[in-house]
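Here's the structure we're looking at; comments come further down.
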Amino acid sequence: MSYSAYSVERFGISERALALADQIEAFVRDTVVPYEKDTRRDSHGPLEEMVVEMREKAKAAGLITPHIPGGTGHLTQRETAAVLIRSGLSPLGPVALNTSAPDEGNMFLLGKVASPELKERFLNQMVAGDARSAFFMTEPADENGAGSDPSMMLTTCVPDGNHWVINGRKTLITGALGAKVGIIMAKSEEGACMFLVDLPHPAIKIERVLDTIDGSMPGGHSVIHIDNLRVPADQMLGQSGEGFKYAQVRLAPARLSHCMRWLGGCIRAHEIAVDYACRRKAFGKLLIEHEGVGFMLAENLLDLKQAELMTYWCADILDSGADGGTESSMAKVAVSEALMRVADRCVQVMGGQGVTRDTIVETIFREIRAFRIYDGPTEVHKWSLSRKLRREYLKAHQV
């Protein structure tokens, strides 16, 4: 390899988790990477037939949902980083191994807050890799619904006997097409609420699947109409008005797992770009011998290492028991911006070859561009961090 992402892993991670990470890397490179040329996909992502086939191979290798070994206890966040970085070496790796969004974050949430009955009904099939899930939160901008500001939520839930009735529209709902488990956020008189539902459901209509810049997530990203959906009261997570509290349980780890997976993708893109620059000649010498190219690849090393260190730093914060909201915002901004630079340089180094789909570099570039938006755009995180600075200043100076 032209870049070692794994030196930091040697600290604070069990030998079992390190061995698991090595197994995952071998599985992704040997078994998953060939699927990158598989035609069983549409413009939104891999088709279900291909997803099932890859997951069956992961199950046979004992690697399905590796961050929840044995289907029970969760790895530490530092160990999860070691595993998810390796799974991300191919954009299809997280799908095959069941470490992808939104499932990874949804499993984490349910593992923390769901009742034993809800875990049995909804979580177990997800951990087994037999069911995909969707998280229904964001709403259409043209209706001024919730996006980066979840307090703008328009979807309502009203109690009716021992049920709740939900109405509203959602958008950019990742993986809704083909999902078997849904987590729906809606607003009651007490505040935000969160419900678990079986999918598909006749009261939850997929109006369309959006055409987006990325294309590695099964089911794509859908616009949804929820029309008088009746949900039993015992399928609410917690109590009415506690939805945002539970969303916070999911938020920081889910942000960070994006950093983990896409760091793996950019490590792979960098490997391909280095290989190209060390074989391709122009103007009488190898591309890497031209300073303009060599410097770009050197800058990749700097950004990759900083992204790696930021990811493990935030993982350590979460492992300490802190909620990690501020730290995950910092990591999400730093890592997504660094990886965007890496992916862009890889395309540039490879020239015309970089913009074709002959290699996975072009795909990774598109996926990373979307990453800068998902789980909060850079600007929202910076705004939040600046507000925190102001609050701390006012508190320290008793203003």
Only one of (1) buried (at least 18 other Cβ atoms within 10 Å of the Cβ); (2) assigned by the TED database to the domain that holds residue 187 does not apply to residue 127, and that is (2)
Picked from the range 368-399 (must be aliphatic (A, V, I, L, M) and in a helix (DSSP H, G or I)), the residue nearest to residue 221 (Cα to Cα) is 370
By residue number, the members of the range 160-170 that are open to solvent by 70 Å² or more (accessible area, probe 1.4 Å) and not in a loop (DSSP other than H, G, I, E, B) are 160
In this structure, does residue 320 turn out to be open to solvent by less than 60 Å² (accessible area, probe 1.4 Å) and either modelled with pLDDT under 95 or of a type in the set (Gly, Ala, Ser) (or both)?
-> no
Residue 233 vs (1) of a type in the set (A, V, I, L, M, F, W, C); (2) open to solvent by 10 Å² or more (accessible area, probe 1.4 Å); (3) within 26 Å of residue 52 (Cα to Cα); (4) at pLDDT 95 or above: all pass except (3)
Taking the range 308-335 and keeping residues touching a residue at least 60 places away in the same chain (Cβ under 8 Å) and either of a type in the set (Val, Ile, Thr) or in a loop (DSSP other than H, G, I, E, B) (or both) leaves 311, 323, 324, 326, 335
* Out of curiosity, is residue 253 without any contact (Cβ under 8 Å) to a residue 24 or more places away in the chain and of a type outside the set (A, V, I, L, M, F, W, C)? -> no
Those residues of the range 100-123 which are surrounded by 15 or more Cβ atoms within 10 Å (Cβ to Cβ) and more than 19 Å from residue 243 (Cβ to Cβ) amount to 100, 101, 103, 104, 121
Filtering the range 256-287 for residues that are farther than 30 Å from residue 113 by Cα, out of contact with any strand residue (DSSP E or B) (no Cβ under 8 Å at 6 or more places or on another chain) and touching a residue at least 60 places away in the same chain (Cβ under 8 Å) leaves a count of 12
Listed by range, helices (runs of 4 or more DSSP H) wholly within the range 78-158 having at least 3 residues that are over 29 Å from residue 190 (Cα atoms) are 93-97, 124-127
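The values are calculated or read from the model by the stated rules, or taken from the named source; none is laboratory data. As the structure is a computational prediction, the values presented were derived from the model and not from experiment. For neighbour counting, all protein chains shown are included, and Cβ atoms are generated from backbone atoms with ideal geometry for every residue, glycine included. Ligands, DNA and RNA are excluded from the accessible area calculation, which covers all protein heavy atoms including side chains. Shrake-Rupley method; radii C 1.70, N 1.55, O 1.52, S 1.80 Å.
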